[in-house]
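Structure first, then comments.
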Amino acid sequence: MGRKKRRLKRSALLVVVVICALLLPTMALPAAAATVIVQSGASIQDAIDAALPGTTIIVKPGTYHENLLIAKDGITLIGSGTGRTILEPPATPKPFCGASEAGESNEGGVNGICITDATFGPGSEPTINHTVTGVHLAGFTVRNFPGDGIIFFGTQDISTRFIESAHNTGYGIAAFVSSHESHIGNKTYGNTEAGIYVGDSPEARATVSSNTSYDNLGAGIFLRDASNGQVFGNNSFGNCIGIWILNTGGGTGAMNWSLTVNSVNANNKACPAGEEGLAFSGLGILITSGDHNTALGNSVFNNVPGGDTIASGGIVIFSDPAGASGTMNQIIANRARGNQPDDIFWDQRGNNLFLANRCITSKPMGLCH
């Protein structure tokens, strides 16, 4: 009787296995994420247009004369490395991000890579149709564009890694009206605006780390009307301003940034007065009307003005005379030497903390350890 029960159990198990095998092909299984390869000479934009969300597009080495638009979610675009996969302006650009075929744009020209789903109208602010989510870029050189090298507008969960963005007439890498972003290990230089820019983003939740930004006619790293993020381990030199936190008074603020262990040296380029009538030069870390920001453990050396400037120095807290005071900022344990006219300057507006900074000169006196 015992053997018979065991045989019955084995028979029942065999039936279950057979039924499962028969049903398995009809069950819905999650689709594997697609990977697309773009060979040299092929179109990157064609691959983007054909891609479904979740697609990884790998671009082989070569020089591609295209301006690109990513207006859909979940696209990862990976080049073969800086200096190997190169994006340059085409003879006839696509009308993306407000750019016309003639290269004109209400946003400042033809951009290398534009990540947005927005409608652009002449002389008006773009309208965001939907927030583009989950776009990640890596391994490209983007250069010589009459607009920005890379621009995100109305995006979330985005990243740039190991991008070289150089000699563009706008920003090197810029994100507007975006959140949950990271920019890591990039090199931005020779751009007419800031190397890396985060703006108009009250909930930026940004990580800006391990980037090298130099020789830009603006700031190496520029955080304007944006809040909540960390900037650490960057090297910013040879710009007009090394790192700039700016609150223009538009209501979004510029707060809750942590600037930690950055190297901010010799930002001596001269930026002439622009539309706002302000010239800048010789500024290491500048906080203009920002509040609740922390600068901790940074190295700020030899920032000396190379032309006219509204202010200069190593670490400067300066309030817009017509706007809010820079207040509740903490300047702690930084090293500052060789900056002119002072290693630390504070206009004495607002309530700010200066603690354990190793420097020589300050205005007012007493801010150096």
Efficiency of FRET between LEU353 and THR133 - r from beta-carbon atoms, R0 45 angstrom, step 0.05: 0.75
FRET E, pair ASP46, HIS369, Förster distance 56 Å, beta-carbon r, rounded to 0.05: 0.45
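Size of the dipole of the chain about the Cα centre, Lys and Arg at +1 and Asp and Glu at -1 on the beta carbon, nothing else charged, in debye to 20? It would help to have the intermediate numbers written out before the result.
Values: 22 positive and 27 negative charges, 622 e Å.
That gives the chain a dipole magnitude of about 2980 debye.
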Label point distance in nm, THR63-ALA333, each placed 7 Å from Cα along Cα→Cβ: 4.8 nm
Radius, Kirkwood style, for the chain when every pair of distinct Cα atoms is counted (Å): 22.1 Å
SER201 long-range amide H proximity, modeled H, under 5 Å: VAL177, ALA226, SER227
Helical mean residue ellipticity (222 nm; -39500 (n - 2.57) per DSSP H run of 4+; nearest 500) of the chain: -2500 deg cm²/dmol
Formal net charge of residues neighbouring VAL231 (Cβ-Cβ distance under 15 Å; K, R +1; D, E -1): +1
For the chain: relative contact order, % (alpha-carbon pairs under 8 angstrom, 6 or more apart): 7 percent
Potential extension, ASP215-ASN144 segment - 0.36 nm per residue separation minus Cα distance: 24.1 nm
Convex hull per residue volume in Å³, alpha carbons only, for the stretch 194-369: 87 Å³
Reach of LYS94 by Cα under 18 Å, taken over aspartates and glutamates that are not fewer than 8 positions away in the same chain: ASP46, ASP49, GLU66, GLU104, GLU107, ASP117, ASP148
Burial order of peptide ranges 326-336, 49-59 (average beta-carbon count within 10 Å, highest first): 326-336, 49-59
Point-charge dipole on Cβ atoms (K/R +1, D/E -1) for the stretch 211-369, about Cα centre, debye to 20: 460 debye
Angle between the chain longest axis and helix 2-23 axis [Cα atoms, degrees, rounded to 10]: 60 degrees
Additional length obtainable on full extension of the chain from VAL36 to ILE360, 0.36 nm per residue less Cα span: 111.0 nm
Taking CYS359, CYS368 and counting other C-beta atoms within 10 Å, the order from fewest to most: CYS368, CYS359
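Quick note: the coordinates plus some simple rules give every number you see, no bench work behind them. If you're wondering where the values come from, they're calculated on a predicted model, not measured in any experiment. Quick reminder, even Gly has a Cβ in these numbers, built from the backbone with ideal geometry, and neighbours come from all protein chains shown.
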